[in-house]
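Quick notes on the structure that follows.
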Amino acid sequence: MFFEFYDAVYEYVLSPVTDGYIWAIPLELRDCFGNFFYNLSSPVRLLNSLLQGEFKQSGVVLSRFVINSTLGVYGLVDTAYLEFDMKPAKADFGQTLGRWGVGDGVYICWPLVGPSSVRDSVGLLADAYTHPIPYFHENLVLDISYYTSNRLNTLSLNPTIYDDLKRFALDPYVASRQAYYDYRQGLVERR
């Protein structure tokens with residue numbers, strides 16, 4: 001049921017809004033926005049890298065944050081990667097739980113959030129509490145605007161992935177579930 005709802009929301013709302021956003025905002029600027037959003041979420045990655053015992057990665061996350069926040073003009077440019085070859089790493093609480101041995105659980109396709117699992121839904125909630133943005137103010141509208149802008153920008157950088165999945169899969173639900181589980185398992189195992 002959630003998958004059909006998400007599919008309809010994507011088809012009739014997200015896809016047209018994303019197309020308009022792509023038309024209005026050049027790719028270079030959308031890349032800068034993506035870098036900015038990624039840089040702002042560095043504390044989440046730092047905490048989860050530490051919780052996973054990835055101390056070298058924690059140092060890289062912290063170094064990237066400092067370099068990109070200063071030399072990268074508040075994170076708009078990924079100077080840490082471009083000039084120092086420091087590759088970005090992913091680390092979230094769902095991944096941390098997976099590294100601790102917690103299983104995926106049931107696949108869930110949340111409305112407006114997208115694919116997840118029980119473990120990653122708990123992780124998403126924990127990450128929301130460790131993200132710095134909500135602590136700068138007490139305005140729910142600003143928080144929702146931030147997360148919506150981030151999602152829209154991310155979707156605009158990869159606009160055809162979901163359409164390709166629907167076009168080439170015999171059963172888009174099964175294909176999206178399997179792709180999600182494979183992707184998350186790869187992050188947990190660091191393949």
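The values are calculated or read from the model by the stated rules, or taken from the named source; none is laboratory data. Just so it is clear, the structure is predicted and the values come from calculations on it, not from any experiment. With ideal geometry, Cβ positions are generated from the backbone for all residues, glycine too; neighbour counts draw on all protein chains shown. Only protein heavy atoms, including side chains, enter the accessible area calculation; ligands, DNA and RNA are left aside. Shrake-Rupley method; radii C 1.70, N 1.55, O 1.52, S 1.80 Å.
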- Residue count, the range 77-126 (criterion: within 12 Å of R184 (Cα to Cα), more than 18 Å from the chain's Cα centre (by Cα) and part of a helix (DSSP H, G or I)): 1
- Which ones in the range 21-34 are part of a helix (DSSP H, G or I) and loosely packed, with under 12 Cβ neighbours inside 10 Å? W23, A24, L27, E28
- Query: When the residues of the range 153-190 are filtered to those that are assigned to a loop (DSSP other than H, G, I, E, B) and farther than 26 Å from D31 by Cβ, which remaining residue is least open to solvent (accessible area, probe 1.4 Å)?
  - Reply: A169
- Per the filter on the range 56-76, residues without any contact (Cβ under 8 Å) to a residue 24 or more places away in the chain and in a loop (DSSP other than H, G, I, E, B) are L71, V73
- Message: Which of the numbered conditions does L14 fail, given that it passes all the others? Conditions: (1) modelled with pLDDT under 95; (2) closer than 16 Å to Y81 by Cα.
- Response: (2)
- Query: Mind checking which pairs have a first residue in the range 150-179 that is within 17 Å of P16 (Cβ to Cβ) and touching a residue at least 24 places away in the same chain (Cβ under 8 Å) and a second that is of a type in the set (D, E, K, R) and surrounded by fewer than 14 Cβ atoms within 10 Å (Cβ to Cβ), Cβ under 9 Å, 6 or more apart or different chains?
  - Reply: S156/D19; P159/D19
- Looking across the range 98-136 at residues that are under 22 Å from L155 (Cβ atoms) and of a type in the set (F, W, Y), the single one that is most open to solvent (accessible area, probe 1.4 Å) is W110
